[in-house]
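Q: One structure, pasted below without further comment.
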């Protein structure tokens, strides 16, 4: 605590400001420490010898932007920075030209640090025009100009850029800088998180998320499977889908998720360990499933296909017949239906003395579950044209029909 008081007292000294070349509003500096940490420091406010800065750590991006408070001492020869946030740090350094070297005190730990101006990147002409951007937080067009500036189309969020023929650095006016690498002519991608830029004239297609929330699409594969896909959510480059396979209706609805990445569309069926990778052209997504089977998704929305779960043949008031492979038979009266759940009154003709047994059930994941809680039984089956067949406790077969 004593060191903090000393440092704060130093802020009150009448001293000269550091060279305006380093400490000026919106100036971005690089920093590194002997602990292996590094990042950038952006000067956001200067008032005489005092200034404020925003620090980002490339090794700990989850920490976000950290506020630092600083002052120059001893006629501009020394600098003090204080982090009064989570890490309670004091940075004390000596200025030498365009570089600051010193010690960083964090509790009982001590490290050396260096702050300097980033090495200038040789600027190479980048093709101006519109680029489609798919960012982890947004999707938009970004307009690049020949004069080294750019802006987003939707909100005019501006910035400047440098490009060395391979690496593109976006220096946002309001946000931390972002770095992308050219992966193909007119196509750029971040190595750290979801962020791609594609020139409008680039050969690569399907960089923007093509899925529209709520639309129902059709799909088929070279293995003879086909069905529908309902788009249940879209967020930036990511999306979720509900898939129905007309060749395996008993499987019910399969949950899929996907993303647009590096100019391709990836759909993940985690239940069956499948990866669908394809591209969009002529209003269709075509590609391969696990690099084996071809698939096509028709992106023209179909008339809404009902995906509501039916409790058929369990309709309130209906009386059904049942039998088991153990030789039991009887009737089931459907006493109530609510959504995917229902209740039943069961009579066993082989044990009429038992009277009526109360059952309850539900339709879940394409299957019908009936619970006999009195006898600790679970009946699991599927409906085929109004007849339910399955197993009781995975031992006896059963059939329920009209």
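The numbers here are math on the coordinates, done by the rules we state, and not lab data. It should be emphasised that the depicted structure is a prediction, and the values quoted were computed from it without experimental measurement. Cβ atoms come from the backbone with ideal geometry, glycine included; neighbour counts cover every protein chain shown.
Q: Could you state the per residue volume, in Å³, of the convex hull enclosing the Cα atoms of the range 129-199?
A: Working: hull volume 5.8 nm³, N = 71.
Convex hull volume per residue, Cα atoms: 81 Å³.
Q: Taking only DSSP H segments of four or more residues, each worth -39500 (n - 2.57), what value at 222 nm results for the chain once the sum is divided by all its residues, to the nearest 500 deg cm²/dmol? Kindly include the intermediate steps, with their values, before the conclusion.
A: Numbers: 1 runs with 9 residues, N = 402.
Calculated at 222 nm, the ellipticity per residue is -500 deg cm²/dmol.
Q: Hey, with R₀ at 56 Å, roughly what FRET efficiency would residue 365 and residue 35 work out to, going by the Cβ-Cβ distance, to 0.05?
A: Values: r = 50 Å, r/R0 = 0.90.
Once rounded, the FRET efficiency stands at 0.65.
Q: Counting only the backbone N, which residues of the range 161-199 are under 14 Å from the spot 7 Å out from the Cα of residue 28 toward its beta-carbon?
A: Output list for this probe position: 161-164, 167-181.
Q: Could I ask something else about it? When the chain is modelled as a GNM with alpha-carbon springs shorter than 10 Å, which of 263, 102, 186 fluctuates the most?
A: Residue with maximal mean-square fluctuation among 263, 102, 186: 102.
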